[in-house]
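In what follows, a single structure is set out as structure tokens and then discussed.
The values are calculated or read from the model by the stated rules, or taken from the named source; none is laboratory data. Predicted, not measured: the structure shown is a model, and the values here were computed from it. Methodologically, a virtual Cβ is constructed for each residue, glycine included, from the backbone with ideal geometry; neighbour enumeration extends over all protein chains shown.
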Amino acid sequence: MKELSRRGMIGGFVTGVAASLPILSASCAEGNKAEVSMPAAPPLKTYKNEDFYGADGKLDVAKAKQAYYEMMDHYRYPIPPKLKTDEFWTLDFGMGKFTELGMAGIFWINELEGDYFGHEIYLLPGQMIPEHKHVKTEKAGPKMEGWHVRHGWVYVYAEGEPTAGVEARIPPSHKECCKSKVETKLMPGEVATLAGAEQWHRMLAGPEGAIVSEYATFHDNDGLRFSHPDVKFP
């Protein structure tokens, strides 16, 4: 897995726009000194695992989604109507440990013809997507992925020589099965790609949670494999 450097496009764009704007007269510039104050963003909340489960022990999807909406509000992330529908999904992978293993997501697009996929990943603080890989199926080749952090930050993990200290950041559920131990920290605006086809990988949010855009080839659930035998993807 390799980390890609940030692009220098923003600075050039701003410079180009500034050069094309007319120069303001002194009186006009003087009249535009007033600053517009924005209300403070809501604080990022923290949760306990039991906050998301009812008496029957099942994940309360409505409560889980509300936690992600609150995180979006914290980051001033737009919440379009589509994120209020069933196309916005969340799950605990059948493990009952939502604050440890869980996520929310929406497939903006997933096209077999053309072989492209756009996905948004939402992780609460400390949540991990269980270790998995994507294998070739009858319909598609092994999925390849890249991740672009929008808000918060994440660790992404790949196969290879373990990063020093990585064992301390493997959740208890994965201590015995974890295969991806090469650790890369991604901050907002940074991008990483899957190291190779059918390689084990996972993603762990930092203490600020994370919103991550995924760019990939076609996603076929039939090709999804998890290293933990009890993990389920509906």
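Points worth noting:
- Pairing each residue of the stretch 37-57 that is over 19 Å from Gly96 (Cβ atoms) with any residue that is surrounded by 14 or more Cβ atoms within 10 Å (Cβ to Cβ) and of a type in the set (A, V, I, L, M), provided the two are 6+ apart or on different chains, yields C-beta distances under 7 Å for Leu44/Met71.
- All told, Lys63 meets the bar of being of a type in the set (D, E, K, R), under 24 Å from Ile211 (Cβ atoms) and either surrounded by fewer than 10 Cβ atoms within 10 Å (Cβ to Cβ) or modelled with pLDDT of 95 or more (or both).
- Yes/no for Ile23 being at pLDDT below 95, of a type in the set (A, V, I, L, M) and either loosely packed, with under 10 Cβ neighbours inside 10 Å or in contact with a helix residue (DSSP H, G or I) (Cβ under 8 Å, 6 or more places away or on another chain) (or both): yes
- When restricted to residues that are among the acidic types (Asp, Glu) and either assigned to a strand (DSSP E or B) or crowded, with 20+ Cβ neighbours inside 10 Å (or both), the stretch 199-232 contains 3.
- Any pair with Cβ under 7 angstrom, 6 or more apart, that starts in the stretch 107-124 at a residue that is at positive phi and ends at one that is surrounded by 13 or more Cβ atoms within 10 Å (Cβ to Cβ) and among the hydroxyl-bearing types (Ser, Thr, Tyr): Asp115/Thr217
- Single residue of the stretch 78-104 satisfying the filter (of a type in the set (Ser, Thr, Tyr) and buried (at least 17 other Cβ atoms within 10 Å of the Cβ)) that is nearest to the chain's Cα centre (by Cα): Thr90
Residue-wise test of (1) more than 17 Å from the chain's Cα centre (by Cα); (2) polar (S, T, N, Q).
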residue: Val149; (1), (2): no, no
residue: Ala158; (1), (2): no, no
residue: Glu167; (1), (2): yes, no
residue: His174; (1), (2): yes, no
residue: Thr184; (1), (2): no, yes
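- Scanning the stretch 186-209 for residues that are within 16 Å of the chain's Cα centre (by Cα) and not hydrophobic (A, V, I, L, M, F, W, C) yields Pro188, Gly189, Glu190, Thr193, His201, Arg202, Gly206, Pro207, Glu208, Gly209.
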